[in-house]
Amino acid sequence: MKTRSRISLIILLSSHLIHGQLIPEPEIKQALLKQQWNASWVSVPDTSPFEYGVYFFRNKLLTEEVPSSFIIHISADNRYKLYINGELTGLGPARGDVDNWIYDTYDIAPYLVEGVNYIAAEVWNFGVLKPLAQISLHTGFIVQGDDEQTLNTPGTWECLQARAFQPVLVNRKEIPSYYVVGPGDRLDGNSYPWKWRTGEQTEQTWLVPEALRRGTPKGTGYEITHALVPRTIPAMELSMLTSPVIRKVDGTTFEESTINGYTIPPDTSIKILLDQRELVTAYPEIIISGGKGAKISLTYAEALYDLNGKKQHRDSVNQVVMRGNSDLFISDGKQNRDFTTLWFRTFRYIELEVETREDSLTIQSFTSLFTAYPFEEKAWFKSDQHRTDDIWNTGWRTSRLCANELFFDCPYYEQAQYAGDTRIQALISLYVSGDDRLMKKAIRDFYNSMIPEGLTRSRYPVNTPQVIPPYSLFWISMIHDYLWHRSDYMFTSNYLVSIQHILQWFENRIDQETGMLGSLEYWPFADWTTGWPEIYPELQSGVPPGAAEGNSALITLQYVMTLDQAADIFNYFGLEALASSYLDQADKLIEAVWTHCWDPARGLFADTPEKRSYSQHTNSLAVITNAIPKADQPLLMETVLRDTQIVEASLYFRYYVNRAAISAGLGNKYMGLLEPWEQMVNQGLTTFAEITDTRETRSDCHAWSSSPLYEFLSTVAGIRPAEPGFRSVIIEPHPGTLKEISAGIPHERGVISLDLQFDNRGGVKGAVILPDGLSGVFIWDGQTVDLQAGEQRIAMQSLDSRFRF
């Protein structure tokens, strides 16, 4: 009755990005990977190892001449900022867990001078206020030298607790939504030791650090305490942004001007609304002079709210209120005091609330240091319709802000790495940047999260466990994506056993009566949609009908999709018997879904056998898994896209709806499905939101909404791998209403690019360029032309000359 096909992005140099410069990442000596370090973890004496605290560590390094190389390895719990001769040199460590505690490796020679050098580190532990994505054992700091070990901790280091810092708690009335990125900073300039980074004396007494235990690489020692592993991703980008502009002062709309040089008189309370013009993730830096005792509060927001708590057009500043997280700085009255934050902030708007006392205060400058994973935009997509430029630019900015040391779901509220979101983000990053390092880290992170029952955690690394069983399936999908887009097969092979464990967990939950998946424990989330709760008010948020109690067609079909992908993986590695068993199981599950959930009267699959609800989700996965005959798929997807009575997919799950439409041969409809993204651009968003309702959305920046970038390249331009490892390419454009396309993606062998023109008679002409060593096929209206390395001209006509749209 049904035939099924299996379901089916490239590399950058490894480097540290430090203060805007790329320097090569040094190799790590094998002894540091396999033997206990000479250096010890240290802390400040008589301080709590678990409570909130900010700590300073510093050392002097004497050099008769600047060495050609001076390599150190450094880590901290929770985090550190490294300064050399007063200048910010690095931040870290990248987030991991106690069993995989990451250390960073720097060659600091380029930052040294002849004579005395000051090496300093600002270390903090947010204690119980730490971000969701921050795992912690206890406060600590460690430095280990390579050949030269004069900077090993404790050695000649000295330390103190920075009591000028206190946490600023989140006002839950201001941010009632789920907000878990840590506290703000309260910094009192009157008690801050301003020149501590350059070795000058301070009022506070510097102490000898307390040695805790020697550094222990992962897999060594008799205890697992900060099991040290080397960093596998580059340092985050740090680049200076232009200053924000003033939009309002004390509620009065202001002619746009710079805040730099702005003076607030004595005994004044004032609110100044600043606009960065686009959403950013950055460390704000404000330099002030004078104003002893003045309080400067900074509140950050993605958008402004009207008096009813709804988000306005993102450019509007009229009749709006500020709601957001805050920092507070207190001035000591001296000149050119530079305040910044320990961790970055996410904002478009900043409200400065300043209260001066007897002295005036001048804001000398306000800038921000942008930070994100250093993805480079190597792909491009241009068309004859300008809307694609707006969607591309907005989507790429969204992807950038949602990628840091982890793939973030959103940078403002959670900064957590979720498997469902990450799969889409990883594909985008591969296609647009060609950098696979953050994807590999994400795959390893979820592997490290596995619980004894055989599932991955849904988000990781985090300090509050959460399990969404379908997200374990998406982790397998991510590995399948990696296999098809990368030639690093050994990496994929590391996870074969874990894939089996996950699939066995689901197999053990097949209902013997219906043959579909039975009741699933934990939180069987599928999508944020209002449709299911309207039909089933008792459902837990985001859970489809049947997922918790059993017989969910959606989750059963996702399991089928994953079995197909797993079979593809195991076949590739020569494990044909196991692959065959997965395909047999998938066939039986499809038969069960067809038997119990197909509704011939509606021409749709129901979400459960009781046939109370129907969704884009279930029917899209039915097409992807070929649960319905290929010939019937176009009609089914036409219904899915047209029928307003079925449960609609969110921006997140529309990725799978789009995949289904393409699988059903409706790829040329994709350009007509972009209205939600166009509306967000029209509402002034500079990133794509969590949900389509721009007034109600919690997050203005959610990477799962950036899927158009992937679709522009893989669907509209039609560039996709023809076999595992992207050893050859298929180019099958679906231009829809477009008349011209210029696109290119990075590949391990070079760049795949095309420039094509389309006419109303169904013809295509133009050029395709493949890098050396890569071949493929060009498909148009069922016709195939072989492609070889180099440039080749394309000129093809439609077989039936019908319009494409």
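Excluding ligands, DNA and RNA, the accessible surface per residue across segment 651-777 is 28 Å² with a 1.4 Å probe. A simple packing score, the average count of other Cβ atoms within 10 Å per residue, orders the peptides 155-163, 485-493 as 155-163, 485-493, with the highest score first.
Taken one residue at a time, the phi angles of segment 58-71 give Karplus couplings (6.51, -1.76, 1.60, θ = phi - 60°) of 8, 8, 10, 10, 9, 10, 6, 8, 5, x, 6, 8, 8, 9 Hz. Gly and Pro are set to x. With a threshold of 23 Å on the Cα-Cα distance, the over-threshold entries among 60/441; 295/334; 195/292; 29/60 are 60/441; 29/60. Amide H contacts for residue 101 (H built 1.01 Å from N in the peptide plane; partners 5 or more residues away or on another chain; cut-off under 5 Å): 227, 228, 229.
Ranked by the mean number of other Cβ atoms within 10 Å of their residues, highest first, the peptides 663-669, 642-648 fall in the order 663-669, 642-648. Working ranking of peptides 542-553, 213-224 by packing, defined as the average number of other Cβ atoms within 10 Å per residue, highest first, is 542-553, 213-224.
Taking Cα centre as origin and charging only the Cβ of basic (Lys, Arg, +1) and acidic (Asp, Glu, -1) residues, the dipole magnitude of the chain rounds to 420 debye. Comparing 403, 483, 670 along the charge dipole axis of the chain, the residue lying farthest to the positive side is 670, per the Cβ-charge model. Karplus-based coupling profile of segment 591-599, in residue order and whole Hz: 4, 5, 5, 4, 5, 9, 10, 6, 10, with θ = phi - 60° in 6.51 cos²θ - 1.76 cosθ + 1.60 and x standing for Gly or Pro.
For segment 255-327, the share of alpha carbon pairs falling in successive 5 Å distance bins from zero is 3, 11, 22, 24, 20, 13, 7, 1 percent. With a cut-off of 12 Å on the backbone N, the residues of segment 126-154 near the modelled label site 7 Å out from residue 463 along Cα-Cβ are 126-139. Only helical runs count toward this figure. For the chain, summing -39,500 (n - 2.57) over DSSP H runs of n ≥ 4 and dividing by all residues gives -6500 deg cm²/dmol at 222 nm. Amide hydrogen proximity for residue 35: with H placed 1.01 Å from N in the peptide plane, no residue at 5 or more positions away or on another chain lies under 5 Å. Across segment 147-253, the mean sequence separation of Cα contacts (distance under 8 Å, 6 or more residues apart), normalised by length, yields a relative contact order of 24 percent. Ligands, DNA and RNA left out, the 1.4 Å accessible surface of the chain is 49% carbon and sulfur atoms. Applied to segment 135-144, the Karplus parametrisation 6.51 cos²θ - 1.76 cosθ + 1.60 on θ = phi - 60° returns per-residue 3J(HN,Hα) values of 8, 8, 9, 5, 4, x, 8, 8, 10, 10 Hz, with x for Gly and Pro. Placing unit charges on the Cβ atoms only, positive for Lys and Arg and negative for Asp and Glu, gives segment 522-651 a dipole magnitude near 120 debye about its Cα centre. Residues of segment 29-46 falling in the label zone of residue 205, defined by backbone nitrogen less than 16 Å from a point 7 Å along Cα to beta-carbon, are 44-46.
Less than 5 angstrom separates the built amide H of residue 604 from those of 599, all sequence-distant by 5 or more or on a different chain. If the segment from residue 737 to residue 319 were pulled out straight at 0.36 nm per residue, it would be longer than the present Cα-Cα gap by 146.4 nm.
Cross-link partners of residue 311 among lysines, defined as those whose alpha carbon lies under 26 angstrom from its own and excluding same-chain residues fewer than eight positions apart: 173, 248, 271. Magnitude of the charge dipole for segment 113-219, about its Cα centre and with charges confined to Cβ atoms of Lys, Arg (+1) and Asp, Glu (-1), is about 660 debye. Have a look at 603, 239, 559 and report the one farthest towards the positive end of the charge dipole of the chain, computed about the Cα centre with Cβ charges (Lys/Arg +1, Asp/Glu -1). Going by the charge dipole, the pick is 603.
With contacts taken as Cα pairs under 8 Å at a separation of at least 6 residues, segment 545-651 carries a relative contact order of 26 percent. DSSP bridge analysis restricted to the chain gives an antiparallel fraction near 90%, rounded to the nearest 5. Considering only 283, 50, 797, the residue lying farthest towards the positive end of the dipole of the chain is 797, judged by Cα position with unit charges set on Cβ.
The values are calculated or read from the model by the stated rules, or taken from the named source; none is laboratory data. Keep in mind that this is a model prediction, so the values were computed, not measured. Please note: Cβ atoms are built from the backbone with ideal geometry, for glycine as well, and neighbour counts cover all protein chains shown. Accessible surface areas use protein heavy atoms only, side chains included; no ligands, DNA or RNA. Shrake-Rupley method; radii C 1.70, N 1.55, O 1.52, S 1.80 Å.
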